[in-house]
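This report refers to the structure that appears directly beneath it.
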Amino acid sequence: MLKYRASTRQAIFSLLLLLFLRPVSWTQETSSWTQRELAWREHRTALLLSEPPQGWLSVVGLNWLTEGVSVSVGSASDNTVRMDDCSQHLGVFRLKNGKVTISPPVGGFPGSVHIDGQRASEQTLRPYYASEEPSTIRDGSVTIYILSDGDKLGLSIWDTKAPTRLQFRGLQYFPASSKYLIHARWIPYNPPRVETHTSILGLPSESTVPGAAEFVLEGETFRVEPLDMDESLLQFALADRTNGSTTYGGGRYLTTAYPDHGLRNPGEIVLNMNRLYNPPCAFTHYVNCTLAPAQNRLSIKLEVGEKKY
């Protein structure tokens, strides 16, 4: 989710800020390479376990809102959405005319409830992905964001005391291999293309595609397109024949730096498949991830990167 999809999604890219550990040349000493890859993996694990909105292991709920219908949240049994690790009555959310407001429960907001670091008050909330500074509602270990996904708005609920976080058993990887440090040809699209992609929940979404990376692997030529980008990174969603067996069934993501000559010019882009990683949907049912488009579904086994969790 984040709709946690692979398209200009700030938190997904935050998850991969660890890309400052760029791939090193495979001609360097093995110990140097091993240390860099191990450090990358350690940073990934640390971010999965981190505080919202980056630590996917804390996501415990996704509740879409209906126009004109009030939704109460709290630990008491009379709430519409019940959460264990917060006040009995946290607040009341309501979607009206495309905007979400929070109102106090009977008796007022509990003192433990804060919005953007301030004591809670009745107000209109700024959605995630539709605002550079989304509203953050906190109560103890629980954090709530308003999630914007196309024409849908909902409550994305996170809890740092979630069993998925506290009982996290670590990540497993295939052995690293120089075979999968790929120097691909970057083919720019001028102008960029707008394409529609499908999410794991079957919801369509549009993204701007600046070009494609072309490479040869296992004797076959592939051309894959990024689904998302920010100021310096591209994110790909890739599927292959290991999905559903040794790797996550919905495919995996890969984030990499821009091509050497930028997005608008032909050049080279490094795809370090050793850093293929599971999307958020591999860890929680309460997010929505974009699936690999047809051209990104490889007809070979990519026995590299992160294994199925």
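What follows is calculated from the coordinates using simple rules that are stated; it is not laboratory data. This one's a predicted model, so the numbers in the text were calculated from it and none came from an experiment. All Cβ positions, glycine included, derive from the backbone under ideal geometry; neighbour counts span all protein chains shown.
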Report relative contact order for the range 192-309 in percent, whole number only (criteria: Cα-Cα under 8 Å, sequence separation at least 6). 27
Apply the Karplus curve 6.51 cos²θ - 1.76 cosθ + 1.60, θ = phi - 60°, to the phi angles in the range 150-159 and return the couplings in whole Hz, x for Gly and Pro. x, 9, 9, 10, x, 9, 9, 10, 10, 9
Grab the DSSP H runs of the chain that are 4 residues or longer, score each as -39,500 (n - 2.57), total them, divide by all residues and round the 222 nm result to the nearest 500 deg cm²/dmol. -2500 deg cm²/dmol
Applied in sequence order to the range 202-207, the curve 6.51 cos²θ - 1.76 cosθ + 1.60 (Karplus, θ = phi - 60°) yields integer Hz couplings, x standing for Gly and Pro, of x, 8, x, 8, 9, 9
The range 164-233: C-alpha pair distances exceeding 16 Å, %: 67
Could you pull out every Cys in the chain that lacks a partner Cys with its beta carbon under 4.7 Å away? 86
Which order do 47, 90 fall in if you start with the one that has the fewest other Cβ atoms within 10 Å? 47, 90
Of the peptides 281-288, 255-262, how do they stack up when ordered by the mean number of other Cβ atoms within 10 Å, highest first? 281-288, 255-262
Could you order the peptides 181-193, 236-248 from most to least packed, using the average number of other C-beta atoms within 10 Å per residue? 236-248, 181-193
Candidates per GluC sites (Glu not before Pro) in the range 24-99, loop by DSSP, up to 13 other Cβ within 10 Å: 29
Highest mean first, how do 269-276, 164-171 rank when packing is the count of other Cβ atoms within 10 Å averaged over residues? 269-276, 164-171
Once amide H atoms are built 1.01 Å from N in the peptide plane, which residues 5 or more positions from residue 189, or in another chain, come under 5 Å H to H? 211, 212
Which whole-number value in Å³ per residue fits the convex hull of the alpha carbons of the chain? 134
Dividing the alpha-carbon Rg of the range 150-309 by 2.2 N^0.38 Å yields what? 1.08
